[in-house]
Amino acid sequence: MKLNTKTKYGFVGVASSVATFGLVAMAMICPGVDGAFAADDTTKTADLTVGFDVKAPQENVELFTGNLNVSFTVNPYIEISQSPQDVAVTAAGPTSDGVTQTGSTPFAVRTNSSTGFDVYVEADNTLLSPADSTNQAAISPIAASNLALSAFGKNTWGYSVTDSGTAATNYRTITDKTKAYSKSVFSANATNLQLNFGTKVDDTLPSDTYSTTVKVSAVLSGAEVANLAGEVEVQSDEQPAEENYEYAY
């Protein structure tokens, strides 16, 4: 029997050629799969520069600014200075019609208040009481304010606050709780004032020393004075400046 081997071997050869061609094609398409199949195994590198430019502002560049408020607060103060402190008046030879006597003492008020200050005068004991405890007499306050010395009743006394060197023309009763003096403008210098007393006594008053203590208070102008029956109560952050005076007749 005769076999036809040409046909068989011819078929194998064609198949082998096709496989070989396929491998070559893969190597060309995928050179990095394996070095054995790479068409080009050369590695190339290069440097990359990264930079940042910082430049000065150009001309006519708009600048943004803000406002800062600066303030200084000056708190008000007030003070009283005086000398001497006590006032002693002596009346010799009183008559049935009564004799008048006056006395005064200087004091000064200083404040930086732009609206000025007010002065108040008060006394815990409104009577001029005798030093002798067995003496039942006393010198009483005048009946009302704004009285001339010549209009005083017998055995009465009053006071007045004036500018320094200015004699009192009218007197106030110590029971009057309203302000006795006012200055409504700022002054860089101290204001020199004068506390005046007046008394009228007759010969029915026993000889003795009659006295009381008065308190002078200076407060900032416009401060609310709530009560002058005892202490001066001022509705203000600044407390009143105060001085006590002994008035003796």
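Here are the numbers for this structure:
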item: Segments 203-210, 73-80 sorted - mean Cβ within 10 Å per residue, highest first; result: 203-210, 73-80
item: For region 166-213, radius of gyration divided by Kirkwood radius, i.e. Rg to Rh on alpha-carbons; result: 1.08
item: Cβ-based net charge around Phe152, under 13 Å, with every Lys or Arg adding one and every Asp or Glu removing one; result: +1
item: Proximal charge balance of Ala143 [Cβ under 13 Å; K/R count +1, D/E count -1]; result: +2
item: Amide H within-cut-off set for Tyr171, under 5 Å, with H built and near neighbours excluded; result: Asn146, Leu147, Ala148
item: Whether region 132-183 is rounded, prolate or oblate, judged on the alpha carbon gyration tensor where a/c under 1.5 counts as rounded; result: prolate
item: Area accessible to solvent at Asp97, 1.4 Å probe radius, in Å²; result: 110 Å²
item: Net charge, Thr95 excluded, C-beta distance under 15 Å - Lys, Arg +1, Asp, Glu -1; result: -1
item: Distance between modelled label sites at Asp203 and Ser184, nm, 7 Å Cα→Cβ extension; result: 5.0 nm
item: Spherically averaged projected area in nm², based on the convex hull that wraps the Cα atoms of region 69-112; result: 5.1 nm²
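The values are calculated or read from the model by the stated rules, or taken from the named source; none is laboratory data. Predicted, not measured: the structure shown is a model, and the values here were computed from it. Positions of Cβ are generated from backbone atoms using ideal geometry, with glycine treated the same way; all protein chains shown enter the neighbour counts. Just so you know, the surface numbers come from the protein's heavy atoms only, side chains and all, with ligands and any DNA or RNA stripped out. Shrake-Rupley method; radii C 1.70, N 1.55, O 1.52, S 1.80 Å.
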